[in-house]
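Asker: Input: one structure, supplied below.
The values are calculated or read from the model by the stated rules, or taken from the named source; none is laboratory data. A quick note: this is a predicted structure, and the numbers were derived from the prediction, not measured. Neighbour counts are summed over all protein chains in view; Cβ atoms, including those assigned to glycine, are modelled from backbone coordinates with ideal geometry. Side chains included, ligands, DNA and RNA excluded: accessible areas come from the protein's heavy atoms. Shrake-Rupley method; radii C 1.70, N 1.55, O 1.52, S 1.80 Å.
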Amino acid sequence: KDQVDAAKAKLADEGVTLFMIIFSIYSILLNKLSGTKEVVVGVPVKGRSRKEFDDIIGMFVNTLAIKTDLSQKLHYNDYLKQVKEVMLLAFDNQDYPFADLVNELQVERDITRNPLFDHMIVWQGNDIEENIKDDFADQDLYIGNSIESYQQSELDTTLLCYDGPDKLIIDWVYD
């Protein structure tokens with residue numbers, strides 16, 4: 001817990017979040033595994049960017065397609081700054097409907113895959129489900145099947161991240 005708190009404080013001082021760090025590492029890994037210079041990762045957002053939506057019942061979830069460019073050989077800190085800029089821009093435009101983006105880009109449709117990305121990162125804040133918390137109560141590192149409700153990814157890979165008050169749980173789901 002102390003290490004997680006210290007890391008979060010340092011990140012806040014530098015203007016980046018733990019999510020940006022995890023996203024940058026995930027995108028570098030995808031780059032190394034695939035050999036592609038541009039990596040596009042889907043990120044679901046709650047879609048309640050305006051105060052007037054807070055008290056409205058309904059599902060406002062949208063998906064951002066965040067593209068990062070790994071064509072240049074950058075020091076990690078410089079790449080992290082690039083990721084931060086791209087993410088802030090994406091979150092500023094999170095109200096733009098995903099379906100409209102797909103239509104505007106005129107992407108060729110294929111019912112077997114997502115039109116814009118093959119990878120997703122899902123970030124859950126402090127609302128870690130009790131059963132997940134209990135599964136990892138006494139473990140610093142766990143390797144194995146952890147979240148039974150996610151047996152198979154609909155994409156090539158999905159990274160499920162649960163940022164709790166005293167620990168970070170990351171579950172890698174792949175097809």
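Asker: In the stretch 42-82, what residues are open to solvent by less than 70 Å² (accessible area, probe 1.4 Å), at pLDDT 80 or above and hydroxyl-bearing (Ser, Thr, Tyr)?
Answerer: Those that are open to solvent by less than 70 Å² (accessible area, probe 1.4 Å), at pLDDT 80 or above and hydroxyl-bearing (Ser, Thr, Tyr): Thr63, Thr68, Ser71, Tyr79.
Asker: Sticking with this one: How many of the residues making up the stretch 13-41 are more than 18 Å from Gln124 (Cα to Cα) and open to solvent by 60 Å² or more (accessible area, probe 1.4 Å)?
Answerer: Here the count works out to 9.
Asker: How many residues does the stretch 83-142 contain that are buried (at least 16 other Cβ atoms within 10 Å of the Cβ), among the hydrophobic types (A, V, I, L, M, F, W, C), outside any helix (DSSP H, G or I) and modelled with pLDDT of 85 or more?
Answerer: Residues that pass the stated criteria total 5.
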